[in-house]
Amino acid sequence: MVLGAPVMAASSGSVAPTFVDGLDAIGRTLTPGPATTDPSRNKVFRRTGIDVSHWQGRIDWPRVAASGIDFAIIKATEGTHVVDQWYERNRTRARKAGILVTAYHFARPGLKGTGTREARVIRDARKEARFFVANADLRRHDLIPALDLERSGRLRPTELRRWTLTFLRTVQGAIGARPMVYSTAAFWRTHLSDTAKIARAGFDVFWVAHWDTNRPSVPARQWFGQGWTFWQWTDCGRIRGIYNCVDRNNYVGSKALKSLKIRNRQVRRG
């Protein structure tokens, strides 16, 4: 992903961690090494994944799966009119390769149309959410989807918070599960005044982007005490089956990754 605000850098003089690809004891997944040094992360389930879009071009998903990747978060939509040209192919072939998948929406908040600012904020968020659900083709047993929040659309912090909650609740109403939120600490603190209200509203799965560090910075009071669940630790990882750089991610949770699957049998499209 191309972030809309600079990712917070590691402290001066720090050395970026080295991640070594190696099979774990049961031979099922690649294990990142070293693990985060954050003492609050006393979780037990660890999995590794990627997020992709049209920027990666053609992907050999069987080779990606064979390299130990457990999950893929795939760009589906952007704003209200853009569907990623590689989304359907990526989603279908990743599923066939046995990789857990989900979709993400690149948000383009704004004040389109007429009416009060509040009405326009809510209308725009609902429009983007419905466009995402209609095109993501989310299914039972996919992982919960993600809102990629990197642009403010010049909304005020309170307006952007309302936009975000409206989007998340609209998607939740369609799929019966709460989406996760992707952002950086820098963006969240600058454009949402470091609000914890979204995490307090029950959207407790935070996907943080923070590169070149072994301890990601988490906004909103450590996401209201939850910390990060997914961590995008580099924007230029290397995986067999993908020619270009690819974003790499860790999952660390108190429950198996499968606990974040959509449970509904039917996803409402409208």
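In region 196-221, which residue that is without any contact (Cβ under 8 Å) to a residue 40 or more places away in the chain and crowded, with 19+ Cβ neighbours inside 10 Å is nearest to ASN249 (Cα to Cα)? Checked region 196-221; the qualifying residue nearest to ASN249 (Cα to Cα) is VAL208. Which members of region 60-78 meet the condition of being crowded, with 19+ Cβ neighbours inside 10 Å and in a loop (DSSP other than H, G, I, E, B)? Hits for region 60-78 are GLY68, ILE69, ASP70.
Looking at region 95-115 only, could you name the residues that are in a loop (DSSP other than H, G, I, E, B), modelled with pLDDT of 95 or more and over 16 Å from GLY153 (Cβ atoms)? Once the filter is applied, which keeps residues that are in a loop (DSSP other than H, G, I, E, B), modelled with pLDDT of 95 or more and over 16 Å from GLY153 (Cβ atoms), region 95-115 yields ALA97, GLY98, ILE99. Selection within region 164-195: residues that are without any contact (Cβ under 8 Å) to a residue 60 or more places away in the chain and part of a loop (DSSP other than H, G, I, E, B). The member of this set that is farthest from the chain's Cα centre (by Cα) is SER193.
Quick grid of which residues meet (1) basic (Lys, Arg); (2) modelled with pLDDT of 95 or more; (3) in contact with a Ser or Thr (Cβ under 7 Å, 6 or more places away or on another chain):
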site	(1), (2), (3)
ARG63	yes, yes, no
HIS81	no, yes, no
ILE122	no, yes, yes
ALA129	no, yes, yes
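Scanning region 234-257 for residues that are in a strand (DSSP E or B) and over 13 Å from ARG47 (Cβ atoms) yields THR234, ASP235, CYS236, GLY237, VAL246, ASP247. Out of THR158, THR80, one residue alone is more than 23 Å from ASP247 (Cβ to Cβ), of a type in the set (Val, Ile, Thr) and in contact with an Asp or Glu (Cβ under 7 Å, 6 or more places away or on another chain). It is THR80.
In region 164-175, what count of residues is obtained for those that are hydroxyl-bearing (Ser, Thr, Tyr), closer than 11 Å to ARG130 by Cα and crowded, with 22+ Cβ neighbours inside 10 Å? Final tally of qualifying residues: 0.
Scanning region 116-139 for residues that are among the acidic types (Asp, Glu) and either surrounded by 17 or more Cβ atoms within 10 Å (Cβ to Cβ) or outside any helix (DSSP H, G or I) (or both) turns up ASP124, GLU128, ASP137.
Remark: pairs (first residue in region 108-119, under 15 Å from THR164 (Cα atoms); second residue surrounded by fewer than 13 Cβ atoms within 10 Å (Cβ to Cβ); Cβ separation under 7 Å; 6+ apart in sequence or on different chains) = LEU111/ARG117.
Look at (1) in contact with a strand residue (DSSP E or B) (Cβ under 7 Å, 6 or more places away or on another chain); (2) surrounded by fewer than 21 Cβ atoms within 10 Å (Cβ to Cβ); (3) part of a helix (DSSP H, G or I) and you find that ARG161 fails only one, number (1).
Would you confirm, using the coordinates I've provided, whether GLY227 is outside any strand (DSSP E or B), of a type in the set (Gly, Ala, Ser), over 16 Å from the mean Cα position of the chain (by Cα) and surrounded by fewer than 22 Cβ atoms within 10 Å (Cβ to Cβ)? Taking the combined requirement at face value, the residue does not satisfy it.
The values are calculated or read from the model by the stated rules, or taken from the named source; none is laboratory data. Please read these numbers as outputs of a predicted model, since none were measured by experiment. Positions of Cβ are generated from backbone atoms using ideal geometry, with glycine treated the same way; all protein chains shown enter the neighbour counts.
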